[in-house]
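First the structure, in the form of structure tokens, and then the observations on it.
The values are calculated or read from the model by the stated rules, or taken from the named source; none is laboratory data. Since the model is a prediction, treat every value here as computed from it, not as a measurement. Glycine gets a Cβ as well: all are built from the backbone with ideal geometry, and neighbour counts include every protein chain shown.
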Amino acid sequence: MSLTAINLRCIRQDRLIFTDLGFSLKAGEILWVQGRNGAGKSSLLRMIAGLLKPVSGEIQWKGASVKEDPDGYQDQFRYIGHQEALKPVLSARENLQFWADFSGSHNVSAALKEFDLEKIADSPVGIMSAGQKKRTNLARLISSPAPLWILDEPISSLDTHYIELFKKQLEKHVAAGGMALLATHQDLNLPSVHKLDLDGPRGRNNE
Amino acid sequence: MAVDLHKFANPARFLRITSAIFPWAAIVTVLLLAVGLYLALFASPEDYQQGATVRIMFVHVPAAWMAMSIYVMMAISSATGLIWKHPVADLSAKAAAPIGACFTFLALVTGSLWGQPMWGTFWVWDARLTSMLILFFLYLGYMAIWGSFDDQSKAGKAAAILVLIGAINVPIIKFSVDWWNTLHQPASVATMDGPKIHSSILTPLLVMGLAYTSLFLTIFIIRVKAEILGRRLRILRLAHVED
Amino acid sequence: MSTLNEFLNMGGYGAFVWPSYGVSALILICLIVLSIRHLRKIERELKPLETDRKSRRRRKVPTGDTVQ
Amino acid sequence: MNKFTNLIIRDIRLAVRQGSAFTMTLSFFVVAVTLYPLGVGPELNILARIGPGVLWVGALLSCLLTLDRIFQADFEDGSLDQLMLGSLPIELMTLAKIIAHWLTSVVPLILITPILAVSLNMPADGIWVMMLALLVGSPVLSLIGAVGAGLTVGMRRGGVLLSLLVLPLYIPVLIFGVAAVEAAIAVLPMGPHILLLAGLSLGALVICPIAAAAALRLAVE
């Protein structure tokens, strides 16, 4: 199981974000995407998730180009963006249940337990704090599991206690042979981490 | 981050072809217009029924033809833009839209000017005039969508989707307006058909039609060159800010 | 003299024929003029940037790492 | 298939919990239609004459009001990204959203039409055909509206642009709808009008989800 990107080029609003960008990631590894704001971290992650089409270059999953079997590839990753993708009117359980059914998996209660959300599982997301919302969003990683995690600023509104909790989950995922693409400013000093600095010369993988 | 001018920035070949055609198109337009106007205003006889108002037809009908054919051309070039990702397709549709809108507006104005002597009022909800009015709204919608995106390449794709949906609906709208017109057909209103097209009227009509087509081509070349250079200007300005 | 204003009069319909030709001419000429002025404006703004880009390319060539 | 119905159920549950969406559309429809008698005057024969047109235009405009909420709400809280990344094809996802919008916004309009029709002095069989015509023709309102909503999602003042894009395309539905009701009132065969409306709906059912999906792929970039 491997994810490789071959000289990707991204252009947004006629502005070149990055070009000739490549990396490869095998099972049990984490790629830490670094770069100043606007360097294209989110664009790269959205591109790997298939939301943003690269102008040129190719993404390969298990050696085969993603274009050949886009639907198959979509079940292989879970994308966590800046926003929470939760409906304030629905409760945390209902939200997670919907997304679990949407991706065809069913262990919502385990996810709630992992991110210790049982107490507030049935209260509407609208009245939750930013940290609780972020944890509910991250709980989606457990309730609808996928080998590749694409995480865009996952710990931005979490306090230290829950950052540790998230780090434990990430390590458990990687130890079990999963992979992760992480864009964040804080150094989580995780094991087996490759760095990809988008500010470096042409953003080539300089590990 | 090094800025690299991607292939969109200067489709030199397209620019070279259009600037080569331009002088010829301009000359042909002037000639055709001169001949057309002479035939329309002086050479053709007045119609026994409508008198001199038939001369308005020489300006009204070509404008209506152009309004329809430019919209079809925009739909085709947008389709090629979406399917084959041709870089200039979206810009050529964007360049053609204002010209089409002007011709549609002209068709409406000359149509109502023709209507006044015939029906006594400037605007009669005649089937063709109503369809032309709706086509004018479609043009306005198309131009409005270009203005509301800050990312020009996204605006191009959105406009392409819109013009394709519009193109599918134009025949349906035309059919429904004709249907609506027959339902509410007040007995007295004579439709826009006018006299049987006699050859003395047909020739100026065709000449004026050709004149309008080559006029469209001339303005189109100016506008599409402006669009392409405009995109190049935007990219260079970004590059300028970047380094 | 009479044939001129008789021609202009067009059997009383002149008041509709001439305005329609006039409006058509007016709008098409405005469209042409605006398009040409728009093109000239863009070309004028493009010139400094083009020369700047050419000069930067000449300066960079010696170092061998040309950008374009 | 249950992903498809799940999405529809979720959207309906959202609309029910946020009751405001229902009442807003209905109250706009009622207020807009009651303005006409105030403007045109209370003579019943005039109201009867313009009744079908007023009701159809009112239905069109109040449906327009709720269109930009189809995708905008999901776009704002990031659900649209997740929906696009689900294994449900985007065309089907768009169709589910359109059906949910049709059920939550357009069907209530149909249910309230009889009351307004009576206020516009419409004869009984006219009312029945009005509801039938609305039922058959209104899917086009949601379908074409969804294409417009997809194109204008994420825009600052997309609502104005949405109405400019979508209203010209609503004209065939308006014409055939009103023709059907007027034919019924004049005791003429209204079959062809209803069949044309059904044709429009089926045609839109095929084309619009694809166009809306293309527009969404653009907006999510």
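At-a-glance table
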quantity: Residue tally, condition in contact (Cβ under 8 Å) with a residue 24 or more places away in the chain and at negative phi, over segment A:157-184; calculated: 19
quantity: D:L165 in a helix (DSSP H, G or I) and buried (at least 24 other Cβ atoms within 10 Å of the Cβ); calculated: yes
quantity: Of all residues in segment B:97-141 being without any contact (Cβ under 8 Å) to a residue 40 or more places away in the chain and part of a loop (DSSP other than H, G, I, E, B), the one that is surrounded by the most Cβ atoms within 10 Å (Cβ to Cβ); calculated: B:W123
quantity: Wholly enclosed helices (runs of 4 or more DSSP H) of segment A:2-108 bearing at least 2 residues crowded, with 16+ Cβ neighbours inside 10 Å and in contact (Cβ under 8 Å) with a residue 24 or more places away in the chain; calculated: A:41-48, A:92-103
quantity: Those residues of segment C:3-29 which are under 27 Å from the mean Cα position of the chain (by Cα) and not hydrophobic (A, V, I, L, M, F, W, C), in sequence order; calculated: C:P19, C:S20, C:Y21, C:G22, C:S24
quantity: Verdict on D:G145 being over 12 Å from the mean Cα position of the chain (by Cα) and farther than 24 Å from D:V40 by Cα; calculated: no
quantity: Any hit, segment B:74-90, residues being buried (at least 18 other Cβ atoms within 10 Å of the Cβ), at pLDDT below 95, part of a helix (DSSP H, G or I) and within 14 Å of chain C (Cβ to nearest Cβ); calculated: no
quantity: Condition broken by C:N9, with the remaining ones in (1) more than 8 Å from chain B (Cβ to nearest Cβ); (2) polar (S, T, N, Q); (3) over 21 Å from B:V109 (Cα atoms) satisfied; calculated: (3)
quantity: Counted residues, segment A:29-74 - those being charged (D, E, K, R) and within 11 Å of chain D (Cβ to nearest Cβ); calculated: 3
quantity: Residue tally, condition closer than 16 Å to B:W114 by Cα and part of a helix (DSSP H, G or I), over segment C:10-33; calculated: 11
quantity: Test: residue in segment A:146-156 that is among the charged types (D, E, K, R) and under 16 Å from the mean Cα position of the chain (by Cα); calculated: yes
quantity: Among (1) away from chain B (no Cβ under 11 Å); (2) on the phi > 0 side of the Ramachandran plot - the single one D:G137 does not satisfy; calculated: (2)
quantity: Residue that is farthest from the chain's Cα centre (by Cα) [pool: residues in segment B:12-58 that are among the hydroxyl-bearing types (S, T, Y) and farther than 17 Å from C:F7 by Cα]; calculated: B:S19
quantity: Verdict on D:L88 being within 29 Å of D:L205 (Cβ to Cβ), more than 16 Å from the chain's Cα centre (by Cα), among the aliphatic types (A, V, I, L, M) and part of a helix (DSSP H, G or I); calculated: no
quantity: Near pairs, Cβ below 6 angstrom, 6+ apart or cross-chain, from segment D:90-117 (in contact (Cβ under 8 Å) with a residue 12 or more places away in the chain and within 17 Å of D:V140 (Cα to Cα)) to any residue that is in a helix (DSSP H, G or I) and among the acidic types (D, E); calculated: D:A100/D:D11
quantity: Selected residue [farther than 20 Å from A:E171 by Cβ and in contact with a helix residue (DSSP H, G or I) (Cβ under 8 Å, 6 or more places away or on another chain)] from A:S129, A:S157, A:S143; calculated: A:S157
quantity: For B:V54: the one exception among (1) touching a strand residue (DSSP E or B) at 6+ places or on another chain (Cβ under 9 Å); (2) surrounded by fewer than 21 Cβ atoms within 10 Å (Cβ to Cβ); calculated: (2)
quantity: Wholly enclosed strands (runs of 3 or more DSSP E) of segment A:148-207 bearing at least 3 residues at pLDDT below 85 and either in the same structural domain as A:A5 (by TED's automatic domain parsing) or surrounded by 20 or more Cβ atoms within 10 Å (Cβ to Cβ) (or both); calculated: A:193-197
quantity: Check on D:L14, crowded, with 18+ Cβ neighbours inside 10 Å and within 14 Å of chain A (Cβ to nearest Cβ); calculated: yes
quantity: Filter result for D:L216 (among the hydrophobic types (A, V, I, L, M, F, W, C), at the interface with chain B (Cβ under 10 Å from one of its Cβ atoms) and surrounded by 24 or more Cβ atoms within 10 Å (Cβ to Cβ)); calculated: no
